[in-house]
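Report on one structure; see the data block that follows.
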Amino acid sequence: NKGKYEHYMQKEIHEQPESLTTTMRGRLIRGGSCKAKTVLLGGLKDHLKTIRRSRRIVFIGCGTSYNAALAARPILEELSGVPVTMEIASDLLDRQGPIYREDTAVFVSQSGETADTLHALEYALENGALCVGITNTVGSVIARKTHCGVHINAGCEIGVASTKAYTSQIVVMAILALAIGGDTISNQERREAIIDGLFDLPNKIRDVLKLDQEMKDLAKLLIAEQSLLVFGRGYNYATALEGALKVKEVALMHSEGILAGEMKHGPLALVDENLPIVVIATRDACFSKQQSVIQQLHARKGRLIVMCSKGDAASVCSGGACRVIEVSYVEDCLQPVVNVVPLQLLAYHLTVLRGYNVDQPRNLAKSVTTQ
Ligand code: UD1
Ligand code: BG6
């Protein structure tokens, strides 16, 4: 049931304040004034010790689910104290890459049925790793075959392009980072800031959803373009990949997410006054590096659309003309949850304006159960 919406993708983008609330329900604990703030993942509580003792945590997934794990990687590295690596399921299988008994392998899949991810799970089980699932579908094959896991509880997702599952996956993995990390005096302030940030996320998403009309106007400007680049780094490298994936899969426009740190090693050659480039430059430890990327793009007359934190519009555009998307600030590791929303909206409007099928893009399936 699409309710008041025209398409499922549109509905699923707009219901993210509610889906995130459901994802977090019962999992964040904020006691009275002197009680510590903490987290609870019922499905993992008996396995946290093993995860903490593992030699490595390896995230495995495909498409949007892979991007969600990539978005959560920095906070997992920071809080868990365990090395975190990433594998695209098909690539792990192609290489028959190393998975050991001492590894924790985390399988991220909205449907819980993706063949590549499932085969990678069977491979990791054979190799003796602890296998953890992060799925949206209770009773799915990945949920059943993993040793333990977390349901993201985002509600049924129908649009082929994943939107609300992506933001719920990141939130679950941030909670996972808090759960693995445990309380220490030295990280208490950081943990509390993240938990407060999680509580506040639905409101921040409501804020950013108000950019709907602005994203529609931007889509009108981009409707006839051949290509769109999205530059990100740090916490928002994944946002660049995911934003580009949305544009590619539904709007059927070539789009590439680019790690901004790699700009001068190739992508800079593409920059001219015609190619539209989205640069994600919200406030975090990489902000000044992104400002210098923007300066370099301005110097080459790049056609820029800069996503920045509220109040930063003038400073990010000081070196030349650009369009700005201003978003609310949240704790740095949660910023990808906010930042992806305008890009979801942009992809949605571009698709409708270009006259393509939003909910069922050509050649794609919601759940790819063959290899
Ligand atoms: C569970 C209940 C929830 C209830 C809550 C109350 C289910 C599905 N969930 O939620 O309805 O409100 O307790 O305490 O009944 N699992 C995997 N692989 C996966 C995902 C999950 O093995 O990919 C396992 C978990 O380890 C766990 C079980 O499935 O044993 C349920 O996981 P989850 O729904 O995340 O647990 P709770 O949040 O505790
Ligand atoms: C398909 C979908 O390719 O599978 C994507 O079209 C999705 O939207 C990918 O990200 C992975 O799916 P899942 O269910 O394993 O998260």
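Coordinate-derived values only; no laboratory data. Please read these numbers as outputs of a predicted model, since none were measured by experiment. Here the Cβ is made from the backbone with ideal geometry for all residues, glycine too, and neighbour counts use every protein chain on show.
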Check cross-link reach from K37 to the aspartates and glutamates: straight Cα distance under 15 Å, and skip same-chain residues fewer than eight apart. D183, E189, E192, D196, D200
What FRET efficiency would be calculated for the residue pair R144, D207, taking the C-beta separation as r and a Förster radius of 25 Å, to the nearest 0.05? 0.05
1/(1 + (r/R0)^6) with r = Cβ-Cβ of E126 and I158, R0 = 45 Å, i.e. FRET efficiency to nearest 0.05, evaluates to 0.85
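At a 10 angstrom cut-off on C-beta neighbours, averaged per residue, how do the peptides 134-141, 111-118, 50-57 rank from highest to lowest? Please report the intermediate quantities before stating the final value.
Values: 134-141: 20.6, 111-118: 23.1, 50-57: 17.0.
Answer by packing, highest mean first, reads 111-118, 134-141, 50-57.
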Under the √(5λ) rule applied to the eigenvalues of the Cα gyration tensor, what semi-axes describe the equivalent ellipsoid of the range 214-285? Give them in Å, descending. 20, 15, 12
Cα-based Rg and Dmax for the chain, in Å, come out at 20.0, 57
Most to least packed among 335-341, 311-317 [average Cβ atoms within 10 Å]: 335-341, 311-317
Please name which of P342, H298, G311 has its Cα lying farthest along the dipole of the range 285-357 towards the positive end, using unit charges on Cβ (Lys, Arg +1; Asp, Glu -1) and the Cα centre as origin. H298
Cα-based shape type of the range 16-87, given that a ≥ b ≥ c are square roots of the gyration tensor eigenvalues and the cut on a/c is 1.5: oblate
Subtracting the Cα-Cα distance of L364 and S288 from 0.36 nm times their residue separation yields 23.5 nm
What FRET efficiency, computed as 1/(1 + (r/R0)^6) with R0 = 35 Å and r the Cβ-Cβ distance, is obtained for D200 and A115, rounded to the nearest 0.05? 0.40
Charges only on Cβ, +1 for Lys and Arg, -1 for Asp and Glu: so what's the dipole of the chain about the Cα centre, in debye to the nearest 20? 400
Please give the calculated 222 nm ellipticity per residue for the chain, where each DSSP H segment of at least 4 residues contributes -39500 (n - 2.57) and the sum is spread over every residue; nearest 500 deg cm²/dmol? -14000 deg cm²/dmol
List every residue whose amide H lies under 5 Å from the amide H of I134, counting only residues 5 or more places away in sequence or on a different chain, with H placed 1.01 Å from N in the peptide plane. F107, V108, S109, V150
Which order do peptides 284-291, 246-253 fall in by mean Cβ count within 10 Å, highest first? 246-253, 284-291
Karplus-derived 3J(HN,Hα) from phi for the range 230-245 (6.51 cos²θ - 1.76 cosθ + 1.60, θ = phi - 60°), whole Hz, x at Gly and Pro, runs 10, 9, x, 7, x, 4, 9, 5, 4, 4, 5, 5, 6, x, 5, 4
